[in-house]
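Enquirer: Dumping the structure here so I can ask a few things about it.
Readers should treat all values here as calculations from the given coordinates under stated rules, not as data from a laboratory. Treat the numbers as computed from the prediction; the structure is a model and nothing was measured. As a convention, Cβ positions derive from the backbone with ideal geometry for all residues, glycine included, and neighbour counts pool all protein chains shown.
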Amino acid sequence: MLLRLAMAAEKHLALHPAFSICHRGSLFTAERLDGILNALCQHLQSMGLTPGGVVASTTGSPWLNALLLFALPRMGCVFLPLDPALPVSARRQLLMAARPDLLLLEEVFPGLPDTEYGIPCPQDPLPPDAAHLLLATSGTQGMPQVVELSGKNLLGSIQASCQRLKLEQDDAWLACLPLHHIGGLSVLLRCAYTGARVVLARRFEPGAVLDTLVSEGITHISLVPTMLDRLLKADPSFRPPASLRVVLLGGAAADAPLVESALQQGWPVCPSYGLTETASQVATLCPMPQHWQQGCVGRPLHHVQISICEQTGAIRVRGASVASHVRREDGSRIALTDAQGWLTTGDAGWLDAQGQLHVTGRLDDVLTTGGESLHPQLLEQELKRCHGVDELAVSAIRDNVWGDALAVLYCGTANPDQVRDWAKQHLQGAFVPKHYLRTASLPRNTMGKLLRNEVARRVQALIQED
């Protein structure tokens, strides 16, 4: 019998009896999935996988990654899904840190979706304190590292998230985030816990997403800001169906104009803040208040505490979902938390009188120009008001006079002189950028996060070409 995901029994990441996945037009019930998972376990065993092993997947296949997420813990094995677009050097370092026993380079189980009666294989499930998932951090500021997430970390996040988002058995979640990130994997885990239905998208395609929201009666969807922006632009006349209750918006900072436009069109946006190291969200604003302040992500979920470091302004998190270790390339395990269990993030923020968290940006993004310190996001918010600028990033090059000479890398129809003139009219003193560079696109990862190190390299190259 299929068990609800309840780590009190702590057998493995089992499935609620009502759970189902809709994939390529076929509905896979929990019972049918159980047979497929048994078949997958048998196949992996035939490939030599034994309890305690680590399986890395670079296939990018949502279906295979979804099956591995549930199959491997029941075998006593650990799952490492990797972004197939990672540069070879980054992938090599992550694999060195994780030391996988099996590396899946392509979808090698073409018959699995039709296999329903796999024989239950001997199980040696992972204990709740053991690592169930190894996940690469986003690496927006440098090389990613491998985070260990235990069964208890995952359960703490799942329970708190389902409570905040009011996810129930009759709901349906459209899963269109990549399944090599915690944001995408969490969708499957939450639905497996509550018995909600997952509609698994092969990839993010704005038109298909809009159609699916209506045709499948979707109640929940997770998006990053760039995805939401693409949906709004794909069909400005589209209004979400009444079934849609939650648009969980995270993965990167959301601009006020984007959120306001979405709200005006009826999208039930719920800004959130989370990290790979905390097994997804730790604060979420749901439901959205009538008046929203940019950067506000709501109160902490019940499973965590959040505080602000007085010296640096860094956001700190402590609680059930916080990972305790990361793995390095040399195979060593490094503690993430201090003696009191606090994880100090690289993000800056503050707590208001109502206990709501406001995220102001990355601490290591701060630039110092003409003796003034500023966070690029604050300047980006202003410059995005310039007509003819679609998206932009503020970076800098070293300068003997200014320290950081501000540079704007942007996409849009405006020419650099037009952006420069707008900036001089609306900004003052040291906050007026010195360089204005147009580009076809901004460097982002698969979750839509801006790769600021790559922005800085591109700015440097473009200035040297002039």
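Enquirer: Please list, or write none, the lysines whose alpha carbon is within less than 21 Å of the alpha carbon of Lys384, excluding same-chain residues fewer than 8 places away.
Expert: In chain and number order, the partners are Lys233, Lys424, Lys434, Lys449.
Enquirer: For Thr344 and Arg24, calculate 0.36 nm times their separation in residues minus their Cα-Cα distance, and state this gained length in nm to one decimal.
Expert: Numbers: separation 320, 0.36 × 320 = 115.20 nm, distance 4.13 nm.
Additional length available on full extension: 111.1 nm.
Enquirer: In nm, give the distance between the simple-model label positions of Asp399 and Gln428, each being 7 Å from the Cα along the Cα-to-Cβ direction.
Expert: 1.9
Enquirer: Less than 13 Å Cβ to Cβ from Asp417, Lys/Arg counted +1 and Asp/Glu -1: what total charge do the surrounding residues give? Don't skip to the answer; put the middle values down first.
Expert: Working: positive: Arg420, Lys424, Arg438; negative: Asp421.
With Lys, Arg at +1 and Asp, Glu at -1, the neighbours total +2.
Enquirer: Ranked from highest to lowest mean number of other Cβ atoms within 10 Å per residue, what is the order of the peptides 406-415, 378-387, 228-237? Walk me through the intermediate numbers first.
Expert: Numbers: 406-415: 19.2, 378-387: 16.5, 228-237: 14.9.
Final packing ranking: 406-415, 378-387, 228-237.
Enquirer: Which percent, nearest 5, of DSSP beta bridges in the chain are antiparallel?
Expert: On the way: 49 of 78 bridges.
Once the DSSP bridges in the chain are tallied, antiparallel ones form about 65 percent.
Enquirer: Let me ask something additional. Could you work out how much longer the chain between Arg230 and Ser307 gets when fully extended? Use 0.36 nm per residue separation minus the Cα distance between them, nm to one decimal. Mind showing how you got there, number by number?
Expert: Details: separation 77, 0.36 × 77 = 27.72 nm, distance 3.41 nm.
Answer, rounded to one decimal: 24.3 nm.
Enquirer: Using a simple charge model, +1 on the beta-carbon of Lys and Arg, -1 on the beta-carbon of Asp and Glu, nothing else, what dipole does the chain show about its Cα centre, in debye to the nearest 20?
Expert: 240
Enquirer: Okay, moving on. Based on the Cβ-Cβ distance of Gln354 and Ser46, what FRET efficiency does E = 1/(1 + (r/R0)^6) give at R0 = 45 Å, to the nearest 0.05? It would help to have the intermediate numbers written out before the result.
Expert: Details: r = 56 Å, r/R0 = 1.24.
Taking R0 as 45 Å, the efficiency between Gln354 and Ser46 is 0.20.
Enquirer: Continuing with this model, one more query. Multiply the residue separation of Arg202 and Ala440 by 0.36 nm, subtract the distance between their alpha-carbon atoms, and state the gained length in nm to one decimal. Kindly include the intermediate steps, with their values, before the conclusion.
Expert: Numbers: separation 238, 0.36 × 238 = 85.68 nm, distance 2.64 nm.
Contour length minus the Cα-Cα distance gives 83.0 nm.
Enquirer: Spelling out what I want: for every residue of segment 456-466, take phi, set θ = phi - 60°, compute 6.51 cos²θ - 1.76 cosθ + 1.60 (Karplus), and round to whole Hz; glycine and proline get x.
Expert: Taking θ as phi minus 60°, the curve returns 4, 5, 5, 4, 4, 5, 5, 5, 5, 6, 5 Hz for segment 456-466.
Enquirer: Oh, and also: What is the sum of charges, Lys and Arg at +1 and Asp and Glu at -1, for the other residues whose Cβ falls under 13 Å from the Cβ of Pro100?
Expert: Working: positive: Arg91, Arg92, Arg99, Arg327; negative: Asp101.
Local charge sum for Pro100: +3.
Enquirer: Could you work out how far apart the two model spin labels at Arg239 and Ile334 are, taking each label as a point 7 Å from the Cα in the direction of the beta carbon, and quote it in nm?
Expert: About 5.2 nm, to one decimal.
Enquirer: At a Förster radius of 51 Å, what calculated FRET efficiency corresponds to the Cβ-Cβ distance of Ser89 and Gln290, to the nearest 0.05?
Expert: Details: r = 48 Å, r/R0 = 0.94.
About 0.60, to the nearest 0.05.
Enquirer: Under 20 Å from a point 7 Å along the Cα-to-Cβ line of Glu465: which residues of segment 391-413 have their amide N that close?
Expert: Residues 391-398, 406-413 qualify, since their backbone N sits under 20 Å from the label point.
Enquirer: Just one of [x] 171; [y] 154; [z] 193 is volume of the Cα convex hull per residue in Å³ calculated from these coordinates, so which is it?
Expert: So the structure-derived entry is [y].
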